[in-house]
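Asker: Before we start, here is the structure in question, set down as structure tokens.
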Number of protein chains: 2
Amino acid sequence: MTKKLNVAVVGATGAVGSKMMEKLVERNFPIETIKFLASARSAGKTIEFNGTQYKIEEATPESFEGVDVALFSAGGSVSEVLAPEAAKRGAIVIDNTSHFRMDPEVPLVVPEVNRHVLKTIPKGIIANPNCSTIQMVAALQPIREKFGLTKIIVSTYQAVSGSGIAAIEELREQSAQWEAGKNVEANVLPVKSDVKHYPIARNVIPQIDKFTDNGFTYEEMKMINETKKIMEAPGMKVAATCVRVPVVSGHSESVYIEVEQETTVQEIFEVLKAAPGITLQDDITQQLYPMPIFAENEEATFVGRIRQDLDNKKGFHLWIVSDNLLKGAALNSIQIAEALLEDNIL
Amino acid sequence: MTKKLNVAVVGATGAVGSKMMEKLVERNFPIETIKFLASARSAGKTIEFNGTQYKIEEATPESFEGVDVALFSAGGSVSEVLAPEAAKRGAIVIDNTSHFRMDPEVPLVVPEVNRHVLKTIPKGIIANPNCSTIQMVAALQPIREKFGLTKIIVSTYQAVSGSGIAAIEELREQSAQWEAGKNVEANVLPVKSDVKHYPIARNVIPQIDKFTDNGFTYEEMKMINETKKIMEAPGMKVAATCVRVPVVSGHSESVYIEVEQETTVQEIFEVLKAAPGITLQDDITQQLYPMPIFAENEEATFVGRIRQDLDNKKGFHLWIVSDNLLKGAALNSIQIAEALLEDNIL
């Protein structure tokens, strides 16, 4: 990678945006120029990137002139308006919001799983999948390639950072209120823009994103629909229950799968050991299994607690953990950009 | 209930024992005499019950002379030795530990589900099931009676109080350490007597109880085996993944079931509305669903988030929450004693 790129980051001050900046530096992403764009409200503030201060500019259609790659993480409504404007001006957009994910003309990419779809980018926009989807498909794809995969039932244990910096602050404040025996105030979770808010400290909330008409939440439907799209498996059976837990960063998932071809836990161990981006943590004699506090700031997706179902030889249970701000968001976005460079698309 | 009983409480100072005492008073359990028994270490201390101070006596076989009903909650090794001694002296033992649960001669009882097995108590010992099992079978039995039940896959979100008072204290201390930016010390969870300990504050731990050879933990095997025993359904397919979360009291469960006979969410609503001990909390237009902080100190088992599976008309997803120290332990034990009285067994 000797080519250097002109990069724009939209939404750099958010929980995901700041991790994108970290990863651009850590991974030596080849930057010729970089600019930081935000709403008029944040424009004019300064932001530090790799030791240099930058002024945040107001994001307008013209901001994307001369930009090669634009990383969007400023909410669906910003992406809706500005991602096509960036693409029109020749930038390739990597969008971290849900806005374009199910658009049939927008590739939805986890590089380890479906990098080949990057060959065609009809709208100049690539979508980064939902955080809880990414780590699950990253862990299941190697198993699927070897043994086939017909069914997934997942229950999630999702960290508050998936709801942004305000949710992290709220967990901290509620914990302090709780310790002090004060009333616990809730204003952010489960969904800032929904009607009711519930405490997350010392609680779990079985609602992430709003409800759809079929009783599943949008988060659950994202896991179901995005998994089928990324795996190119419209007939795969997928069900999800998404739950918020009082963890800062690191989503955990209890996953039941059914494979096509009989196999063993030992064979799944071998497949996962060889899989890119996956760290197997599974040794019950050492109490070794993935946990979110140890996954925080790590790039890998951790897999453990792998058990064959006691009633179905083709059924397996797994426990999958990853940092939702990294592989679940910022890291996967940067990995998409790296894949574009390696494949000479950028 | 005019008959009054001589009661012994073994392990009254524990998390479950103190709730047993609360429930005996609240529910006006007909007590003639009551005594509080413990190890030699705790003997001599005083304990308050219903406004009177009692001296804790050392539990010996002779302590149970003249006792009608003995409530045990002092660990499996205490029950192993003293429950048969109490039974030998004519007491009916209601044991909250796991020691006798799978003994074919010991009824394992959730009164709403299998009260009829109380007719035969060969050893004079009745076992109170595992906390996470009780709330699940209480919620599923009404559905099973109406529509049949062939399969259960459950992922739990279990509160720290299930590991006793020391675990509650540890969550509190770790939270304070975490807020202060100090090192977080772990000495109790996941299992006090296991080799490694992990923080629970801001974490989830996919281990409850020790591991068995098949990769499942004892807690998971308890849910699997006890469910089949209570429901008298050895061929039912049951799988469990048990996870500890930083909640004080109130276990939550994400449960997938398959029924025998096609039905609808609306019909399941009707069945649960009429079920004893169950409170339906399911209205997505009002963001109404069960959560552990609102279940604490409540006697009911709360059920919500009921959805038909999108791929299987006989598949349903549910979210079940109950106070693990009450319906999951102390309350269910007292309800067993009440059933014995009502059925003239005591």
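Asker: Using the count of nearby Cβ atoms within 10 Å as a rough guide to exposure, how do A:H116, B:H251 rank from fewest to most? Before the final figure, lay out each step's value.
Answerer: Numbers: A:H116 13, B:H251 31.
In order of increasing Cβ crowding within 10 Å: A:H116, B:H251.
Asker: Can you compute the charge dipole magnitude of chain A about its Cα centre, using +1 on each Lys and Arg Cβ and -1 on each Asp and Glu Cβ, nothing else charged? Give it in debye, rounded to the nearest 20.
Answerer: Here chain A has a charge dipole of around 220 debye.
Asker: Using the Cα centre of segment B:133-324 as the reference point, and only Cβ charges (+1 on K/R, -1 on D/E), how large is the resulting charge dipole? Debye, rounded to the nearest 20.
Answerer: Working: 19 positive and 27 negative charges, 71 e Å.
Value, rounded to 20: 340 debye.
Asker: Efficiency by 1/(1 + (r/R0)^6): what FRET value for A:D213 and A:T120, r their Cβ-Cβ distance, R0 = 30 Å, to the nearest 0.05?
Answerer: Values: r = 33 Å, r/R0 = 1.09.
According to the calculation, E is roughly 0.35.
Asker: Using Cβ contacts closer than 10 Å as the measure, can you line up A:E226, A:E179 from fewest to most?
Answerer: Values: A:E226 24, A:E179 13.
Ranking A:E226, A:E179 by Cβ neighbours within 10 Å, fewest first, gives A:E179, A:E226.
Asker: In addition: Comparing B:A300, B:A274, B:A186, which has the greatest mean-square fluctuation in the GNM of chain B with Cα pairs linked when under 10 Å apart?
Answerer: B:A274
Asker: Kindly put A:V321, B:V106 in sequence by how many other C-beta atoms sit within 10 Å of each C-beta, fewest to most. Please list the in-between numbers first.
Answerer: On the way: A:V321 32, B:V106 22.
Going from sparsest to densest Cβ surroundings: B:V106, A:V321.
Asker: Could you give, in nm with one decimal, how far B:G51 is from each other copy of that position, shortest first, with labels 7 Å out from Cα toward Cβ?
Answerer: For B:G51, the other copies' label points sit at 7.6 nm, shortest first.
Asker: Based on the Kirkwood radius over alpha-carbon pairs, what is the Stokes-Einstein translational diffusion coefficient of segment A:133-324 at 25 °C with 0.890 mPa s viscosity, in µm²/s? Could you put the intermediate results ahead of the total?
Answerer: Numbers: Rh = 17.5 Å.
Using the Kirkwood radius from Cα pairs, D works out to 140 µm²/s.
Asker: Can you pull the one-decimal nm distance between simple spin-label points at A:D343 and A:M236, each 7 Å off the Cα toward Cβ?
Answerer: Distance between label points: 1.8 nm.
Asker: Sticking with this one: Roughly how many whole Å is it from the C-alpha centroid of segment B:28-72 to that of segment B:261-332?
Answerer: 36 Å
Asker: Something else about it: Determine which chain B residue has its Cβ at minimum distance from the rotation axis mapping B onto A, giving the value in whole Å.
Answerer: B:S155, 2
Asker: Normalising by the residue count of chain B, find the relative contact order in percent from Cα pairs under 8 Å and 6+ residues apart. Please list the in-between numbers first.
Answerer: Details: 763 pairs, mean separation 62.3, N = 346.
18 percent.
Asker: Roughly how many nanometres apart are two label points built 7 Å out from the Cα toward the Cβ at A:A166 and B:V25?
Answerer: 4.4 nm
Asker: Find every distance from the label point of B:I31 to the corresponding label point in the other copies (7 Å from Cα along Cα→Cβ) and write them in nm, one decimal, shortest first.
Answerer: 6.9
Asker: Separate question: Taking a label point 7 Å from Cα toward Cβ, how far is A:K88 from its twins in the other copies, in nm, shortest first?
Answerer: For A:K88, the inter-copy label distances come out at 9.0 nm.
Asker: Roughly speaking, what is the stretch gain from A:D311 to A:E80, that is 0.36 nm per residue apart minus the C-alpha to C-alpha distance, in nm to one decimal? Kindly include the intermediate steps, with their values, before the conclusion.
Answerer: Numbers: separation 231, 0.36 × 231 = 83.16 nm, distance 4.68 nm.
Stretched fully, the A:D311-A:E80 segment lengthens by 78.5 nm.
Asker: How big is D, in µm² s⁻¹, for the protein assembly as shown by Stokes-Einstein at 4 °C and 1.567 mPa s if Rh is the Kirkwood radius over C-alpha pairs? It would help to have the intermediate numbers written out before the result.
Answerer: Details: Rh = 26.7 Å.
Answer from the Stokes-Einstein relation: 49 µm²/s.
Asker: Could you calculate, for chain B, the ratio of the Cα radius of gyration to the Kirkwood radius, expressed as Rg to Rh?
Answerer: Working: Rg = 20.1 Å, Rh = 20.8 Å.
Using Cα coordinates only, the ratio equals 0.97.
Quick note: the coordinates plus some simple rules give every number you see, no bench work behind them. These numbers were taken from a predicted model, which means no experiment stands behind them. As a convention, Cβ positions derive from the backbone with ideal geometry for all residues, glycine included, and neighbour counts pool all protein chains shown.
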